[in-house]
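Enquirer: Dropping the structure in here first, questions after.
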Amino acid sequence: MRNFNNFEGNKQNNGDAFNVLKGFAKQYEGASEQDIISAILKEAEKGKRNGTLKDSDIDNFANMLYPMLNAAQRKQLEKVVKTIKQK
């Protein structure tokens, strides 16, 4: 998975965000939900550990995804964001 810093929502236009998500979807095509969540958590932990991931980066990532998700997916995203911020 790419570094969360690639998801700076305020600095990207919608086309760039779409292309980033399209690449992510292609990379994890066929993966289970748990595999995707594990990859996100692993990357987040790495970023937190080396000081390159801030809560604002997490918020930008979530805000970029949020409008594209259904209610159940939004709830799952909120749980993942909470987990990442607590690490």
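The values are calculated or read from the model by the stated rules, or taken from the named source; none is laboratory data. Quick caveat: nothing in here was measured; it's all calculated off a predicted structure. No Cβ is skipped: glycine too gets one built from the backbone with ideal geometry, and neighbour counts run over all protein chains shown.
Enquirer: Report yes if some residue within region 24-31 is modelled with pLDDT under 90 and buried (at least 16 other Cβ atoms within 10 Å of the Cβ); otherwise report no.
Expert: Yes, there is a match, as at least one residue in region 24-31 is modelled with pLDDT under 90 and buried (at least 16 other Cβ atoms within 10 Å of the Cβ).
Enquirer: Hey, among 37, 84, which residue is at pLDDT below 90, assigned to a helix (DSSP H, G or I) and β-branched (Val, Ile, Thr)? Working first, answer last.
Expert: Numbers: 84 fails: at pLDDT below 90.
That would be 37, the only listed residue that is at pLDDT below 90, assigned to a helix (DSSP H, G or I) and β-branched (Val, Ile, Thr).
Enquirer: Take residue 36 and tell me if it is under 24 Å from residue 18 (Cβ atoms) and either in contact (Cβ under 8 Å) with a residue 12 or more places away in the chain or basic (Lys, Arg) (or both). Break it down stepwise before answering.
Expert: Working: under 24 Å from residue 18 (Cβ atoms): yes; either in contact (Cβ under 8 Å) with a residue 12 or more places away in the chain or basic (Lys, Arg) (or both): no.
The answer is no for residue 36.
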